[in-house]
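Undergrad: Can you read through this structure? Questions will come right after.
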Amino acid sequence: MSRRLSAYRPGASALLQIAARAQHIERWKLPRDTFPEGRRGYLRWRTTLAAHHADRATELMRDAGYDESEAATVAALLRKEGLADAPPDADVQVLEDVACLVFVEYYLGDFAANRSDEKVAEILQKTLKKMSARGRAAAGELLPPDQTAPPPANDQVG
């Protein structure tokens, strides 16, 4: 996340860098298989993870001497607050773009290895839909030619 953020947003604020580093902090404490199967279980797991990451980052930032305002900013980034706004919060969108780029660069290949082409295309479409136009362009540079997908039809971000 840090390397990708540095390449994608050189000079990112210290708080955005902290959020990128805390994106999956202690993720192992909430394994996916401890939540129900299916979309509802997945969404509950993701929401619970975001809250855990925000809470843990807040604790660590307080211990390191950051003030409450700074810790609250990082927590809001980790909870993706403002992502659904039109236009979305710029730093939250950058964090989402970077997370998606890391998925494409490091995890899509393994993900695709044991799933149907249709499922991979579906997940890739969902990933691209969450990204800004700039993020999708960056993802296009990472995707092998056989894994490209057209941009989502309803572009919510610019």
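Undergrad: Residues of segment 26-63 being of a type in the set (A, V, I, L, M, F, W, C) and more than 18 Å from the chain's Cα centre (by Cα), which ones?
TA: Scanning segment 26-63 gives 35, 60, 61.
Undergrad: Select from segment 16-31 the residues that are crowded, with 19+ Cβ neighbours inside 10 Å and either touching a strand residue (DSSP E or B) at 6+ places or on another chain (Cβ under 8 Å) or among the aliphatic types (A, V, I, L, M) (or both) and list them in ascending order.
TA: 16, 18, 19, 20, 22
Undergrad: Taking segment 84-99 as the search range and keeping residues that are farther than 15 Å from residue 5 by Cβ and in contact (Cβ under 8 Å) with a residue 40 or more places away in the chain, which one is surrounded by the most Cβ atoms within 10 Å (Cβ to Cβ)?
TA: 88
Undergrad: Here are the criteria: (1) under 14 Å from residue 8 (Cβ atoms); (2) outside any helix (DSSP H, G or I). Tell me which single one residue 137 does not satisfy.
TA: (2)
Undergrad: Which ones in segment 122-134 are touching a residue at least 12 places away in the same chain (Cβ under 8 Å), among the charged types (D, E, K, R) and not in a loop (DSSP other than H, G, I, E, B)?
TA: 129, 134
Undergrad: From the list 79, 62, 56, 39, which residue is over 15 Å from residue 20 (Cβ atoms) and either polar (S, T, N, Q) or at pLDDT 95 or above (or both)?
TA: When all the criteria are applied, what remains is 62.
Yes/no per residue for (1) closer than 23 Å to residue 39 by Cβ; (2) touching a strand residue (DSSP E or B) at 6+ places or on another chain (Cβ under 8 Å); (3) modelled with pLDDT of 95 or more:
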residue: 100; (1), (2), (3): yes, no, yes
residue: 104; (1), (2), (3): yes, no, no
residue: 145; (1), (2), (3): no, no, no
residue: 154; (1), (2), (3): yes, no, no
residue: 158; (1), (2), (3): no, no, no
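Undergrad: Which helices (runs of 4 or more DSSP H) does segment 1-66 wholly contain that include 2 or more residues that are within 12 Å of residue 78 (Cβ to Cβ), touching a residue at least 24 places away in the same chain (Cβ under 8 Å) and of a type in the set (A, V, I, L, M)?
TA: Because the criterion is at least 2 residues that are within 12 Å of residue 78 (Cβ to Cβ), touching a residue at least 24 places away in the same chain (Cβ under 8 Å) and of a type in the set (A, V, I, L, M), the helices (runs of 4 or more DSSP H) in segment 1-66 that meet it are 14-22, 38-63.
Undergrad: Determine, yes or no, whether residue 118 is without any contact (Cβ under 8 Å) to a residue 40 or more places away in the chain, outside any loop (DSSP other than H, G, I, E, B) and surrounded by 12 or more Cβ atoms within 10 Å (Cβ to Cβ).
TA: No, not satisfied.
Undergrad: If you check 149, 72, which single one turns out to be among the hydrophobic types (A, V, I, L, M, F, W, C) and either under 15 Å from the mean Cα position of the chain (by Cα) or modelled with pLDDT of 90 or more (or both)?
TA: Result: 72 is the single residue among 149, 72 that is among the hydrophobic types (A, V, I, L, M, F, W, C) and either under 15 Å from the mean Cα position of the chain (by Cα) or modelled with pLDDT of 90 or more (or both).
Undergrad: Kindly indicate the residue of segment 100-110 that is more than 13 Å from residue 129 (Cα to Cα) and under 12 Å from the mean Cα position of the chain (by Cα) and also surrounded by the most Cβ atoms within 10 Å (Cβ to Cβ) among those meeting that condition.
TA: 104
The values are calculated or read from the model by the stated rules, or taken from the named source; none is laboratory data. All figures in this text were calculated on a predicted structure; none of them were measured in a lab. Don't worry about glycine lacking a Cβ; one is built from the backbone with ideal geometry, like all the others, and counts go over all protein chains shown.
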